[in-house]
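The values are calculated or read from the model by the stated rules, or taken from the named source; none is laboratory data. Being a predicted model, the structure only gives us computed values, none of them experimental. Cβ atoms come from the backbone with ideal geometry, glycine included; neighbour counts cover every protein chain shown. For the accessible areas, the whole protein counts, side chains as well, though only heavy atoms, and no ligand, DNA or RNA atoms are used. Shrake-Rupley method; radii C 1.70, N 1.55, O 1.52, S 1.80 Å.
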Number of protein chains: 2
Amino acid sequence: MTKNRLIYLPLGGAGEIGMNAYVYGYGPEGQERLIVVDLGVTFGDMDGSPGIDLIMADMDWLAENADRVEAIFITHAHEDHVGALGLLWPRLKAPIYARAFTAAIATLKMEEQGQPLDKIKVVKPRPETVEAGPFRVQFVPVSHSIPESAALVIDTPAGRIVHTGDFKLDGTPIVGEPFDPAEWHRIAHEGDGVKVLVCDSTNVFSTQPGRSEATLAEPIAKLIEGLDGMVVATTFASNVARLKTLSEAGRAAGRSVCLLGRAMKRMLTAAVETGVLTDFPPILTPEEALEIPRENLMLIVTGSQGERRAASAQLARGKYLGLEMREGDTFLFSSKIIPGNERGVIRVMNAFSEMGVDVVDDHGGLYHVSGHANRPDLEAVHDLLAPKILIPMHGEHRHLREHCKIGISKGMAAELAVNGAVVDLTGDEPRIVEYVEAGRTYLDGSVLIGAMDGVVRDRIRMALNGIVFATMILDEGDQPLGDAWVEIMGLPERTKDGKLLAEVLEAELTELLDRSGTKVLGNDDKLEEAVRRTVRQVAVEEIGKKPEVNVVVSRLTAE
Amino acid sequence: MTKNRLIYLPLGGAGEIGMNAYVYGYGPEGQERLIVVDLGVTFGDMDGSPGIDLIMADMDWLAENADRVEAIFITHAHEDHVGALGLLWPRLKAPIYARAFTAAIATLKMEEQGQPLDKIKVVKPRPETVEAGPFRVQFVPVSHSIPESAALVIDTPAGRIVHTGDFKLDGTPIVGEPFDPAEWHRIAHEGDGVKVLVCDSTNVFSTQPGRSEATLAEPIAKLIEGLDGMVVATTFASNVARLKTLSEAGRAAGRSVCLLGRAMKRMLTAAVETGVLTDFPPILTPEEALEIPRENLMLIVTGSQGERRAASAQLARGKYLGLEMREGDTFLFSSKIIPGNERGVIRVMNAFSEMGVDVVDDHGGLYHVSGHANRPDLEAVHDLLAPKILIPMHGEHRHLREHCKIGISKGMAAELAVNGAVVDLTGDEPRIVEYVEAGRTYLDGSVLIGAMDGVVRDRIRMALNGIVFATMILDEGDQPLGDAWVEIMGLPERTKDGKLLAEVLEAELTELLDRSGTKVLGNDDKLEEAVRRTVRQVAVEEIGKKPEVNVVVSRLTAE
């Protein structure tokens, strides 16, 4: 009989912050029963994925093995953990387990894609246990920047795994459960203790201990108390605790509070409906807000990352739902900039500056705290759980590598496993035994495409180089019928000498057709290649660029 | 007789950090004699200007008034102050004044564009004075992050202007002249003192006093001393002082030093040739470096901003000039990330991490200091020069606004003048009297185009939406000859139902042609519009996107 083995396979999240998707398996090699933890997205950008709506992990391997998937577990309701659920579930079709608030958001994700809602099962924190094939899984409340985040205790015949999800150590998280060291201590000391810790690595480079959400209440209240004019604050829509802190600070300063932005209202509704939030201050509709003197008003809005369609960017461009910012108002970023989003945030800041609005950033952490464990907190968890094996996850390569180094220096066996690495966790030392294909899948409009399909490559090339369309018609005898026709897009109209680029190209192509024999004219591939080469040569001379070239040869034939 | 007036007109640099181009004028309204200070560039990015090589200030207004331009002054040799000289000079044709090192780089800029080199005049620091129409201009050495930076003392019949250029207060700058408060005191107390201070605003949000270049020597030496393997450091190519600090630290740790990157060698050559640098440690060629054991080698390379073609990115991809990084090597960023460049830098960091290379960043300033004056330093200069009027420059809108606020709070008259604002400085209070067109000019390949020409807009649209080319041939009687022909680029090959997108579109367009009457078929505009509408409708249904559409209608006529 084949020996059973325990495997770990990250498909997303191990090589980037975002797009989380992890697989655990137990059973005979190649026949392991599988569970999936999180199905998240990451977001595209103009640099690498123009026009792409969402990016998620490649599911090909998992879909091929869908019959082996026992269950999907969602640790919390952030987009990078649950955002791909509705899109990818049809390829897996396994039951979904989550805590109540997470399940509420997961339900929206399934609904948006027309998937069955009854596949989602609400699970209470441990001791409640989900049996999924050889796995027994419990949800452990952890503090993060969204309600009801959970770590997973995954018991297997080969030992106990703790999968932290995203977490921080917060004794006073405002909303949700505080960090409970006694519970973690129990987890570490039940049975044989923890074999494997699969651990968040986001803040491994932050050397100071993390600060509690509760530390923000006083500075934010003080700030708002001292302000005239309208106050507008932004934070991550899902940070329900922060919404509460901001609202209470506004109320304490005699301001009525109005929330703008669909994502924020959705999160708040889910929090109220699932009982996570019981005492949120009353909030105004935008219509009611218009009736309030601006010095008595506080808006809390989406768009902390400068997203073009979010409320903050709308306000930066002018009126939004009748509300607008003016000289003397203040805009607070109760958030940090996620690396890569600087340009968008700075654009919004300058637009507000032009309106005479004072912009306040997080002031080095005075008005924002992170939701992730910093290095000393990570080490505290290593010490609390005392695992034999450490597998860093949720990080770019540099985060995983640094986290591995820490683990090894503390005497744990650690393995740097990137997306696609199959890690055998059966023995005392983790071993990478195989790599499976682990690329990225793009949602482009309503279609899922592979990152390597060439669609995005072509978009980037057109954006960098512009494009020339050359059309020509040949008759039955392969002779050109009229001149070549050229259209350009994304290219200068005129050459550096002031001639019309399209005309120069047409003249050169017409000449090419005239001098080409039937060997070229009669062969589409040869003709297209000749046209392409001519266009590029001429373009380099005339405008110093090598455009993309699209050639259409129409042949008139007896039909 | 019309009264003379003194004006200031920023064309670039007042609304962004980069692309500096400032104009001063004196004379009767509309006939002021003009001088230009700096002609810099900024760099494009995929978000806003894909495919664009360089961005510079719109010269239309200045070119129309070229006969009034007496001279061009270049404060220092950074790209954002001198980078556009060769490209824009042909439209101005005025003599160029700069200090020796700056003039050496300016000469390269003119040479690259085939412009006359004898237009550049080397000027010594004050008391040497350039007479330019009604202006008397002196160069005042200031410390910055490149040799021989200068502020300008501009004397006019209406009073003295100090244009700071980029500067910091550094008493020990390693290379170049230390900050000389006595000289600034003299400038403030000669004649009627300083009427207008036009002042760098880059670091106005940095609340701590700036630190000297000299503070880096010890931490960098200590760091390198403790390292095994090869050490590679990057910094801004033009920071000759830093190159010296890094090289000396390498030498002290028993390492031979090799410089990689064209820009770096160019700067070093200019510094040696102009006598700015006299005691730089010997450097190896890449061929020589290959012969040295890696633990005795230090490379200093270009690419601190993650630029794809620079040496750092090349090393991150593999071998560069035979040299390559390995596990156990260290890569030091003796630099900060300019906002917007995060993605590129992080890409390089992770590539090194994958090679097992330890990446060291600036450690909160331990291994890098800024070249710009922080807020307390700016205030020190305000106090030293005691100008009546403060005009903040070299900043985004938010920087200029903050700097204005500081000036006003200290009793100066201050004006927030953005690109295109003509400021009358004749009286005691600055007044914006007019706005001139002040857009951006792009270098695209070898052609200069306007930012609003639509070229870049089309590139962005193609990148976001993809493009459909539809071709059809009509005969002399406006009847379709064969079917419509569709090619797609930057779009998914298959629809969400798995059909070939191009085929679906061709079928719909053929049907459109079949059912259209001659009113549509006989009219190019109407036919193209109908094709465009059909393509978009079908695309939205089939792939959830609205592509760009390019329609070519070929009509066969008797020729």
Residue satisfying all of: in segment B:48-75; within 14 Å of another protein chain (Cβ to nearest Cβ) and surrounded by fewer than 20 Cβ atoms within 10 Å (Cβ to Cβ); nearest to the chain's Cα centre (by Cα) among these: B:Asp53
Evaluation of B:Gly522 against (1) more than 11 Å from chain A (Cβ to nearest Cβ); (2) in contact with an Asp or Glu (Cβ under 8 Å, 6 or more places away or on another chain); (3) closer than 19 Å to A:Ala470 by Cβ (one fails), failing number: (3)
Positions within segment A:421-457 being over 23 Å from the mean Cα position of the chain (by Cα) and charged (D, E, K, R), in sequence order: A:Asp424, A:Asp428, A:Glu429, A:Arg431, A:Glu434
Single unsatisfied condition, B:Arg431 versus (1) in contact (Cβ under 8 Å) with a residue 40 or more places away in the chain; (2) more than 14 Å from chain A (Cβ to nearest Cβ): (1)
All positions within segment A:345-365 that are open to solvent by less than 20 Å² (accessible area, probe 1.4 Å) and at pLDDT below 95: A:Gly365
Selection count where residues are more than 14 Å from A:Pro10 (Cβ to Cβ) and surrounded by fewer than 21 Cβ atoms within 10 Å (Cβ to Cβ), scope segment A:384-397: 3
Residue match in segment B:530-545 (condition: open to solvent by 70 Å² or more (accessible area, probe 1.4 Å), in contact with a helix residue (DSSP H, G or I) (Cβ under 7 Å, 6 or more places away or on another chain) and either over 25 Å from A:Leu481 (Cβ atoms) or without any contact (Cβ under 8 Å) to a residue 60 or more places away in the chain (or both)): no
Subset tally (residues that are touching a residue at least 40 places away in the same chain (Cβ under 8 Å) and of a type in the set (A, V, I, L, M)) for segment A:413-428: 6
Members of segment A:415-427 found to be among the hydrophobic types (A, V, I, L, M, F, W, C) and open to solvent by 20 Å² or more (accessible area, probe 1.4 Å), listed by number: A:Leu416, A:Val418
Candidate set: segment B:147-164, residues that are open to solvent by 10 Å² or more (accessible area, probe 1.4 Å) and of a type outside the set (A, V, I, L, M); chosen: the one nearest to B:Leu384 (Cα to Cα): B:Arg160
Residue tally, condition open to solvent by 30 Å² or more (accessible area, probe 1.4 Å), within 25 Å of B:Val553 (Cβ to Cβ) and more than 14 Å from chain B (Cβ to nearest Cβ), over segment A:505-519: 4
Residue satisfying condition, being within 14 Å of chain B (Cβ to nearest Cβ) and closer than 26 Å to A:Ala217 by Cα, within set A:Ile338, A:Ile408: A:Ile338
Among the candidates A:Leu474, A:Leu443, A:Leu384, residue that is over 25 Å from B:Asp47 (Cβ atoms) and at pLDDT 95 or above: A:Leu384
Any chance A:Arg317 is of a type in the set (Lys, Arg) and within 13 Å of another protein chain (Cβ to nearest Cβ): no
Condition check for B:Arg309: under 27 Å from B:His144 (Cα atoms), within 14 Å of chain A (Cβ to nearest Cβ) and of a type outside the set (A, V, I, L, M): yes
Considering residues of segment B:20-47 that are within 14 Å of another protein chain (Cβ to nearest Cβ) and under 14 Å from the mean Cα position of the chain (by Cα) only, the residue surrounded by the most Cβ atoms within 10 Å (Cβ to Cβ): B:Thr42
Residues of segment A:131-146 that turn out to be closer than 16 Å to A:Tyr97 by Cα and open to solvent by less than 10 Å² (accessible area, probe 1.4 Å), as a count: 5
For B:Ile391: the one exception among (1) away from chain A (no Cβ under 13 Å); (2) assigned to a helix (DSSP H, G or I); (3) among the aliphatic types (A, V, I, L, M): (2)
When residues of segment A:440-449 are limited to those that are open to solvent by less than 30 Å² (accessible area, probe 1.4 Å) and more than 8 Å from every other protein chain (Cβ to nearest Cβ), the one nearest to A:Gly30 (Cα to Cα): A:Thr441
Breaking point among (1) open to solvent by less than 40 Å² (accessible area, probe 1.4 Å); (2) within 12 Å of another protein chain (Cβ to nearest Cβ), for B:Trp485: (1)
Some residue of segment B:247-257 being closer than 23 Å to B:His144 by Cα, open to solvent by less than 10 Å² (accessible area, probe 1.4 Å) and in the same structural domain as B:Met325 (by TED's automatic domain parsing): yes
Complete set of residues in segment B:310-362 that are more than 25 Å from the chain's Cα centre (by Cα) and either in a strand (DSSP E or B) or of a type in the set (S, T, N, Q) (or both): B:Tyr320, B:Leu323, B:Thr330, B:Phe331, B:Asn350, B:Ser353, B:Asp358, B:Val359, B:Val360
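One line per residue, one yes/no per condition, for (1) open to solvent by 70 Å² or more (accessible area, probe 1.4 Å); (2) out of contact with any helix residue (DSSP H, G or I) (no Cβ under 7 Å at 6 or more places or on another chain):
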position	(1), (2)
B:Asp192	yes, yes
B:Val198	no, yes
B:Ser201	no, no
B:Gly210	no, no
B:Ile224	no, no
B:Ala241	no, no
B:Thr285	no, yes
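Condition check ((1) part of a helix (DSSP H, G or I); (2) under 30 Å from A:Asp60 (Cα atoms); (3) within 14 Å of another protein chain (Cβ to nearest Cβ)) across all residues:
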residue	(1), (2), (3)
A:Gly371	no, no, no
A:Val381	yes, no, no
A:Arg398	yes, yes, yes
A:Ala417	no, yes, yes
Test: residue in segment B:414-426 that is small (Gly, Ala, Ser), in contact with a helix residue (DSSP H, G or I) (Cβ under 6 Å, 6 or more places away or on another chain) and closer than 16 Å to B:Asp200 by Cα: yes
